[in-house]
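Below is one structure; the comments refer to it alone.
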Amino acid sequence: MDFAMNTINFLAVAFVVVVGLIFALVLVLFVIDRLQTHDAIRRNYPVLGRFRHIFSALGEFFRQYFFAMDREEMPFNRAQREWIHRAVSGKGNTVAFGSTRNINVVGTPLFMNAAFPPMDDEFACSEPLVIGPDCPNPFLAKSFFNISGMSYGAISKPAVLALSKGAKDAGIWMNTGEGGLSEYHLKGGADIVFQIGTAKFGVRDKEGNLSDEKLTEVAAHDTVRMFEIKLAQGAKPGKGGILPGAKVTEEIAKIRGLEVGQDGISPNRHRDVNTWDELLDLISHIRKVTSKPVGIKTVMGAEEALGNLFDTIVQRGADSAPDFITLDGGEGGTGAAPMPLIDLVGMSIREALPLIVDMRNQAGLKNRIRIVASGKLVGPGDVAWALAAGADFITSARGFMFSLGCIQALKCNKNTCPTGITTHDPHLQKGLVVSDKYKRVSAFAQNMVKEVEIISHSVGVAEPRLLKRSHVRIMQDSGLSVPMDRLCPPKGAET
């Protein structure tokens, strides 16, 4: 009896203490909120006003898991992420009871099935395709689906290593992004595309100019297959970036060619390139120094601007052409960027890709310049559409982030990524186990190719690169679909 009474008394005292502490905390918050001047809601509604910020912060979480339908989220919806999850986990990628996709949305591509598709023994795999056939060291690219540029620094050590090992396992290439070549890119043994950004990280001298010596060092690695000069990307078309000096550790400084603690500032364009002629001169110079294929990456702006590029190539001769052009969409990317640029600047890949393919073909450069499509192409339908539009290759960054376990927490720019992909916090990086994740990266790439092959077979062709615009219809605002080759009639060589 005494024990019971003592317990009751203890709990009563504990309750009073807890209530008192809560009351004291509320009182302190009340005073703080009433006296502060920068937030009108908290000043007018002390304590209660704080819940608005809490609910706003949690809104993304609740919408993602409880309220948004499978096809409603942006930039990638649950259906897209779930397809990738099934693809990387080895589970069957079939669904029941019909599609949840609204095919009446304007711009939706629909593939036209053939009456008499090829028999099973008539199917074929896409053959490797040569990039830079006239280079001393051309690149025989095995897969049409590859990893787009993500810099070490923007993503973590284990993320880079898992991507490299997964790329090697799947037989695909991996783009370094503009942050330079790290040991983690090389450890996995993947084919590497070295990206040269406007700051020329990894191949710059102390003044920030392009260094032939550094170029030669990078090209000496057998697994570095190509070089890509970045003019623009979806995250920041027409705008440079900055890596704060606080993030420039000794390791990052060595890789990028900076001093420890020095801000890594990327200009909004290459200072030594003011005309298309000067760009072609730079391409020729890098190709001569490295003996490997050299291309460019850009977002399409004014149509006539890229038209002038092809005119310049024709005037100078096909030997002056880039070996490939990577076309990104203007819808944002893995990198953090100002909202006005993500929302408003640059042409969508859906509009730009057919245009640039036709420009290339009309210039007679179909077999000279390979087109690489990038920009939110994370599903089999997206990749198949790009091949039908005329792309030779497709690259994805965010698709492979999902394969690593990204949950679209939208924390990429805050160093608090909960999955360890875009953070340098050692505690958070522990969640990304390379020995497991590289297998998921490989499975994603292989299942993507497999399901694009399924689409190509269904429309009546033996392999994906035989897809044409005539195999696709595009939904219009009238509620009816129109053949893609009527909306974007192929010009020049057959696409």
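The values are calculated or read from the model by the stated rules, or taken from the named source; none is laboratory data. Nothing here was measured: the structure is a model prediction, and the numbers come from that model. Every residue, glycine among them, receives a Cβ derived from its backbone with ideal geometry; neighbour counts consider all protein chains shown.
Among residues of the range 126-151 that are buried (at least 16 other Cβ atoms within 10 Å of the Cβ) and aromatic (Phe, Trp, Tyr), none has a beta-carbon under 7 Å from a residue that is at pLDDT below 95 and in a strand (DSSP E or B) at least six positions away or on a different chain. Residues in the range 114-165 that are under 22 Å from LEU387 (Cβ atoms), among the small types (Gly, Ala, Ser) and either at pLDDT below 90 or touching a helix residue (DSSP H, G or I) at 6+ places or on another chain (Cβ under 6 Å) (or both): 4 in all. When each of VAL482, VAL449 is tested for being surrounded by 15 or more Cβ atoms within 10 Å (Cβ to Cβ), modelled with pLDDT of 85 or more and of a type in the set (Val, Ile, Thr), the lone residue that passes is VAL449.
Just to check your reading of the model, which residue among GLU207, GLU183, GLU213 is acidic (Asp, Glu), surrounded by fewer than 24 Cβ atoms within 10 Å (Cβ to Cβ) and within 30 Å of HIS427 (Cβ to Cβ)? After ruling out the rest, the residue left standing is GLU183.
Considering LEU21, LEU29, LEU35, the condition of being surrounded by fewer than 10 Cβ atoms within 10 Å (Cβ to Cβ) and closer than 30 Å to ARG52 by Cα is satisfied by LEU35 alone. Given the criteria at pLDDT below 90 and either polar (S, T, N, Q) or not assigned by TED's automatic domain parsing to the domain that holds TRP385 (or both), does SER435 qualify? No; evaluated as a whole, the condition is false for this residue. Within the range 174-199, being touching a residue at least 60 places away in the same chain (Cβ under 8 Å) and either within 19 Å of the chain's Cα centre (by Cα) or closer than 19 Å to SER266 by Cα (or both) holds for ASN175, GLU178, GLY179, GLY180, LEU181, SER182, GLN195, ILE196, GLY197, THR198, ALA199. LEU432 satisfies every condition listed in (1) touching a Ser or Thr at 6+ places or on another chain (Cβ under 9 Å); (2) more than 30 Å from ILE103 (Cβ to Cβ); (3) surrounded by fewer than 19 Cβ atoms within 10 Å (Cβ to Cβ); (4) aliphatic (A, V, I, L, M) except (3).
Number of residues in the range 171-184 that are modelled with pLDDT under 95 and either of a type in the set (A, V, I, L, M, F, W, C) or in a helix (DSSP H, G or I) (or both) equals 3.
As a summary of the residue check, GLY264 satisfies the conditions (1) within 21 Å of MET359 (Cβ to Cβ); (2) within 26 Å of the chain's Cα centre (by Cα) except for the one numbered (1). When ALA199, ALA167, ALA159 are checked against the criterion of being crowded, with 24+ Cβ neighbours inside 10 Å and either assigned to a loop (DSSP other than H, G, I, E, B) or in contact with a Ser or Thr (Cβ under 7 Å, 6 or more places away or on another chain) (or both), a single residue qualifies: ALA199. Among the criteria (1) surrounded by 16 or more Cβ atoms within 10 Å (Cβ to Cβ); (2) in the same structural domain as GLY364 (by TED's automatic domain parsing); (3) modelled with pLDDT under 90, the one ALA389 does not fulfil is (3). Across the range 271-297, the number of residues qualifying as buried (at least 20 other Cβ atoms within 10 Å of the Cβ), in a loop (DSSP other than H, G, I, E, B) and either without any contact (Cβ under 8 Å) to a residue 40 or more places away in the chain or not charged (D, E, K, R) (or both) comes to 1. Which residues, taken from the range 276-309, are among the hydroxyl-bearing types (Ser, Thr, Tyr) and touching an Asp or Glu at 6+ places or on another chain (Cβ under 9 Å)? Correct list: SER284, THR298. On the basis of being part of a helix (DSSP H, G or I), assigned by TED's automatic domain parsing to the domain that holds TRP276 and at pLDDT 95 or above, does LYS254 make the cut? Against the criterion (part of a helix (DSSP H, G or I), assigned by TED's automatic domain parsing to the domain that holds TRP276 and at pLDDT 95 or above), LYS254 does not qualify. Within the range 276-288, one or more residues are at pLDDT 85 or above, farther than 30 Å from LYS491 by Cα and in contact with a Phe, Trp or Tyr (Cβ under 6 Å, 6 or more places away or on another chain).
Taking residues in the range 340-359 that are of a type outside the set (A, V, I, L, M), and partners anywhere that are part of a helix (DSSP H, G or I) and at pLDDT 80 or above, the pairs with Cβ atoms closer than 7 Å and at least 6 places apart or on different chains are PRO354/ALA389. Filtering the range 130-186 to residues that are among the charged types (D, E, K, R) and farther than 25 Å from PRO322 by Cα leaves LYS157, LYS165, LYS168, ASP169, GLU183.
Taking residues in the range 298-315 that are in contact (Cβ under 8 Å) with a residue 60 or more places away in the chain, and partners anywhere that are buried (at least 16 other Cβ atoms within 10 Å of the Cβ) and part of a helix (DSSP H, G or I), the pairs with Cβ atoms closer than 8 Å and at least 6 places apart or on different chains are THR298/LEU306; VAL299/ALA352.
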